[in-house]
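Each value in this text was obtained by applying a stated rule to the coordinates, not by laboratory testing. Keep in mind the model is a prediction, meaning the values are calculated, not measured. Here Cβ is always computed from backbone atoms with ideal geometry, including for glycine, and neighbour counts include all displayed protein chains.
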Amino acid sequence: MSRFLLALGAAPLAFCSVPALAGEAAGEAPGDSILVVGQRNVPISLDARGLSVSLGDEQFAGVNAQNVEDLMKYAPDFFVRKRYAGDSNGVPGFRGTHSTQSARTLVMVDGFTVSNFLGNSFAYSPKWGVVGPGEVSQFDVVYGPYSARYAGNSMGGVVNITTRAPERTEAFATVQGLSQAYDQYGTHETYRGYSAEAGMGFRQENGPWSVRLSGRHFRNDGHPQMFYGLTPSVATGGTPVTGAIVDPGQHMANAPGTASNPIFAAQSPAAITQDQAKLRLGYDGTSGATGELLLAYWHNLDSQTAPDCYLQDSSGQAVCDGLVSIDGKTYTASGANRSRTIRDELLAGLRFSIPLSDAVTVQASASTYQILRSDAFTSKGYAAGEANGAGTLARQGPTDWYTGEAALTARLGELELAGGGSANLYRTDLATYTLTNWRSDAGGTFATRTFGKTRNLAAWAELRMPVDAVTLTLGARFEDWRAFDGGLGRIGTSGQPVTNRYASRHARGFQPKASAEWAIDAATRLQLSLARATRFPTVGELFQGSLDGNGNFDGNSFDPNLKPERSTDANLLLAHDFGKVKLTGSAFWQKVRDTIFSFTGFNQNGVTTSSFKNIDLTRQYGFELIAEARDVLLPGLDLDANAAWIDSVTLRNDSAPAAEGVQFPRIPRWRLNGNVRYRVIPPVMIAIGVRYASRPNTDLFGLQRGDTYGYTSELFALDAKVNWDVTEQLRLSAGVDNITNDRAWVYHPYPQRSFLVEAGWKL
């Protein structure tokens, strides 16, 4: 409660929020009168229905942006599960969407899909890494599936990142320095990093062509994400050791009267190296025809080769493996492996828009995301890691996805008709090998293989028509989904590879949409949006198996017979412009049949185990109060803040009735975000940000609640930033996130107090 009150106090007008009303102020597409919250000088890039947010340079100025997803950190009732700078598992969450339900969010870069719908968990987060924070001109967010233009994966919402198009011959460069002092259990270290980003752009003075080239190099050491517990053993002997740590928080959270196993080591810090390069070629003809080609390359190296071992023997040597003895009790220490993951990925996209007449426009786009290389090397134990001994390799390929869309828009007087179609294909193929030297794939022996494909064909149509002061939008989307070529391979009892293939799956979804907006007066808007959405299973949920203790595929880790998720949604918005202050109130409701969810827990080594099942019925509803204040109290003082209350529960779950009536895991009752920016003198701006989420349940049954490792805890982060425009070309900034050094957890630890310094130059 104290941190909840502090969050309220840290964000003045905390019952207000990040963005603003666009209304007639141009946060809207031409011809729309849709309510939009956010920046007012640039049209939103998405078809806005329900609560919609558009963030630009004004909001970005108050954010410590280590990575591109940070730019959204104060958006209303929204978060990204980012555990450290350079984390490639940052899943976005809307309202009552769980932080591992990655398949419920559609994320795009310049309209090209970067959502990884090969699975539905933290391991399948959007490909944020193809864009650097210095390349972003605006972030647009739409909450819920209220537009027929977007697939059922928009059940949570839609995000589009718009990168900067050159307005003239220009160039920019930005350098950053990162630092975090981290203290947890027996780990006491300071982790540092840096980045360098640069680019240049050119636009024809009297021609249609433009080009922009950019690149970024990022290097950071992230704090440990897992802590390993000792396993009680019935064996005798063992090396006498000291240094193990018992977490009293885990003692209380596990069950009264039961003690957790001692923690003996921390996972190695993640040494992250990322390189990103991007080419954007644009065409803007005098006839109104536009086009864009985008190529983006991303390289990621995650090296974890230094586990932090807390145990010491009598001579002071570190012990991180084998049988150990503590106060007469015997335990086994295991799990502190070393690993190295290398990924090379490419996004390629082409789109165009051509006016066929003054009233008719055709648009089309096609893109592909290619995982060119994904190799994960892991040692089999601490000793093997140290001695370059045995290990495993998980290698993906071919793994990629393709998307294509076409649409036609026609204006017939005051009516606007739109329709189109889309298609996508997702495929993956993952093989594991046993290695004699975990660092090298030489001589690797095949162990397992999982593979599969999904494709989705869709057609949609929308009609928008004004009726006096009310604008009605009616739409529908039809999707035809198929899963095929799915299977599992392993070494059989004969010593030869054995492959089991699954029958193909087919399903359809009809998704009606409706919205009505009433311009009550020049300053007040009321909007009601209704929708149904269908989210089909991913390859990972259907076919990606894991091994049991006997080396066979565990059929509980996936389910080739999963049903699609089907939601019914409603959103009511009321917005009023008071002049310097603009307020938006929002009420939302969603019911989902056959929610696909992974029941998750962890063992003594911090390894999660899960199985995908359909939950018969879940429901969420909530309220959001959002505002923007400009030049309030003092000239140059801008306030953005938001508050949300969420009730998300399991109504019926025949496979686990104990979950019925329980708040859905990882969904807080309260979420507050806010940002205050003040221009002290023309060249200097200071900003204060706050992020708060009350403590949710960790598991589906509401039995696991704690504020330590392995649980999802309350979150409170108070941030600050100072910007100094030294000249029109040179900018310096310094910032700190989590000033109070609050320790928060999302199973893994969130960052502790972190510092960022930045210098930016532009031509």
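Quick look at the values:
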quantity: Spatially proximal lysines relative to LYS513 (Cα-Cα < 21 Å; intrachain offsets below 8 disregarded); calculated: LYS591
quantity: Exceeding the 29 Å Cα-Cα cut-off - candidates LYS127/LYS762; LYS82/LYS329; LYS380/LYS563; LYS453/LYS613; calculated: LYS82/LYS329; LYS380/LYS563
quantity: Segment 468-521-segment 720-752 distance, computed between alpha-carbon centres (Å); calculated: 39
quantity: Over the chain, relative contact order from alpha-carbon pairs under 8 Å, at least 6 apart, %; calculated: 13
quantity: Cα centroid separation, segment 289-333 to segment 104-172 (Å); calculated: 31
quantity: Cα shape, segment 71-158, gyration tensor, a/c 1.5 rule; calculated: rounded
quantity: GluC sites (Glu not before Pro), loop per DSSP, at most 11 other Cβ atoms within 10 Å - longest free stretch of the chain; calculated: 415-727
quantity: Farthest positive-ward along segment 578-704 dipole, Cα basis, beta-carbon charges - from ALA659, VAL649, ILE626; calculated: ILE626
quantity: Positive-end residue of THR190, PRO232, PHE60, charge dipole of the chain with Cβ unit charges; calculated: PRO232
quantity: Computed lengthening from ALA348 to TRP518, 0.36 nm per intervening residue step minus Cα-Cα distance; calculated: 57.1 nm
quantity: Cβ-based net charge around PHE755, under 13 Å, with every Lys or Arg adding one and every Asp or Glu removing one; calculated: 0
quantity: Cα convex hull volume per residue for the chain (Å³); calculated: 159
quantity: Selected from LEU178, THR399, GLY207, residue furthest toward positive end of dipole (the chain; charges at beta carbon); calculated: THR399
quantity: Table column - 3J(HN,Hα) (Hz), segment 200-208, Karplus curve with 6.51, -1.76, 1.60, x for Gly and Pro; calculated: 8, x, 9, 10, 4, 5, 10, x, x
quantity: Antiparallel %, DSSP beta bridges [both residues in the chain], to 5; calculated: 95
